[in-house]
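To keep things clear, I will list the structure first and then write my remarks on it.
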Amino acid sequence: MERIAVLTSGGDSPGMNAAIRAVVRKGRHHGLDVVGVQRGYTGLIQGDYLSMNLGSVGDIIHRGGTILRSARCEEFRTPEGREKAVLNLQQHEIGGLVVIGGDGSFRGAQHLTALGFPTIGVPGTIDNDIPGTDFTIGFDTAVNTAIQNIDRIRDTASSHERTYIVEVMGRNAGDIALWAGLADGAESILIPEAPYELDDIVERLARGDRRDKKHSIIIVAEGVGSAIEIGQMIKEKTGEENRVTVLGHIQRGGSPTAFDRVLASRMGAEAVDLLLAGERDKMVAIRNNEITSLPFDTAFAMQHQPDMSIYDLASILAI
Ligand code: F6P
């Protein structure tokens, strides 16, 4: 293999640039040509390729977003689109592809492998919802962004003795909510993986009231439902005003934390080694702080579960 390609796909996450840098520089270290594909699978189909050298990835390790851009691609869902993508890769004499993204992007990568083209996935999403890996690139930064903002909300919540309901991202997963909730001492954390009782939330607020704690933070993972509606239901039960903040896409941007930069660097470099070792149809993972890998199929057969011990601990400590 003399030439490999790298792309980013799906929702971006802080640290993707550090992963691109690692793929390019580890590839160059092994004497490979590295090509950057722009706008994910769209660029793969359209042949939107950039030749990358050591300088192309200079000064990006600290930057959020992705220099290769990201997109969702309808055409890639069709067999014709995928065949076009493989043809393009072969015409450019590319021997392997690193896909940095979430599970949807990995399913796309699997289609390429099924057509005989070697791909390796690097998990990049703020949601931390990819089975088989303890962490995904961008999750740590998103949690830090969330808590920095919730700290600000806490200041004003405390001044005005109010309850705030804060919605954090996580389409189907409660990881950001769990970590931010424990780190911020939230009274209640609502995640899609655990049912919640409105009466329990209200009881916790009342308990706080009884010990003269007038402000409260309730964290809601996006996957549970609208924080605005939950805020309304709480207001109806308590008869008291509250305020709702939806943190939204600010959690997807910003300079990656040291953890995400290191994770992205380790994972990107591992992806290149796997391609060179003749591996394909696999994703890189981190487990117990060791970089490892597993077949996409094994990962897809598993179900992501957040660490529920964090949920239990947060519930005890927020009393
Ligand atoms: O998958 C990451 C994520 O940020 C989710 O938390 C969120 O539900 C989704 O992407 C938002 O996607 P979009 O950028 O298309 O609105």
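A cut-off of 5 Å between modelled amide H atoms, ignoring neighbours fewer than 5 places along the same chain, links Ser216 with Arg162, Thr163, Tyr164.
Rounded to the nearest 20 debye, the dipole magnitude of segment 140-253 is 280 debye, with +1 charges on Lys and Arg beta carbons, -1 on Asp and Glu beta carbons, and the Cα centre as origin.
When the charge dipole of the chain is built from unit charges on Cβ atoms (+1 for Lys and Arg, -1 for Asp and Glu) and taken about the Cα centre, the candidate among Phe135, Gly65, Gln251 whose Cα reaches farthest toward its positive end is Gly65.
Rounded to the nearest 20, the Cβ-based charge dipole of the chain about its Cα centre (Lys and Arg +1, Asp and Glu -1) stands at 820 debye.
Distance from the C-alpha centroid of segment 72-130 to that of segment 283-317: 23 Å, rounded to the whole angstrom. Note on Val246 and Asp59: their simple-model spin labels are 3.7 nm apart, each label 7 Å out from Cα toward Cβ. In this entry, the chain is assigned a mean projected area of 16.2 nm², taken as a quarter of its C-alpha convex hull surface.
Rolling a 1.4 angstrom probe over segment 1-152 with all protein chains present gives an accessible area of which 43% lies on carbon and sulfur atoms.
Number of Lys-Lys pairs in the chain with C-alpha atoms under 20 Å apart and a separation of 8 or more places or on different chains: 5.
Remark on segment 140-253: Rg and Dmax equal 12.9, 39 Å (Cα only).
In the frame of its principal axes, segment 238-288 has Cα extents of 63, 23, 22 Å, reported largest first. What the Cβ-Cβ distance of Arg210 and Leu317 gives, at R0 = 22 Å and to the nearest 0.05, is a FRET efficiency of 0.80. For the pair Arg28 and Glu161, label points projected 7 Å from Cα toward Cβ lie 6.1 nm apart.
The values are calculated or read from the model by the stated rules, or taken from the named source; none is laboratory data. Every value quoted in this text rests on a predicted model; they were computed, and no experiment measured them. Cβ atoms come from the backbone with ideal geometry, glycine included; neighbour counts cover every protein chain shown. Just so you know, the surface numbers come from the protein's heavy atoms only, side chains and all, with ligands and any DNA or RNA stripped out. Shrake-Rupley method; radii C 1.70, N 1.55, O 1.52, S 1.80 Å.
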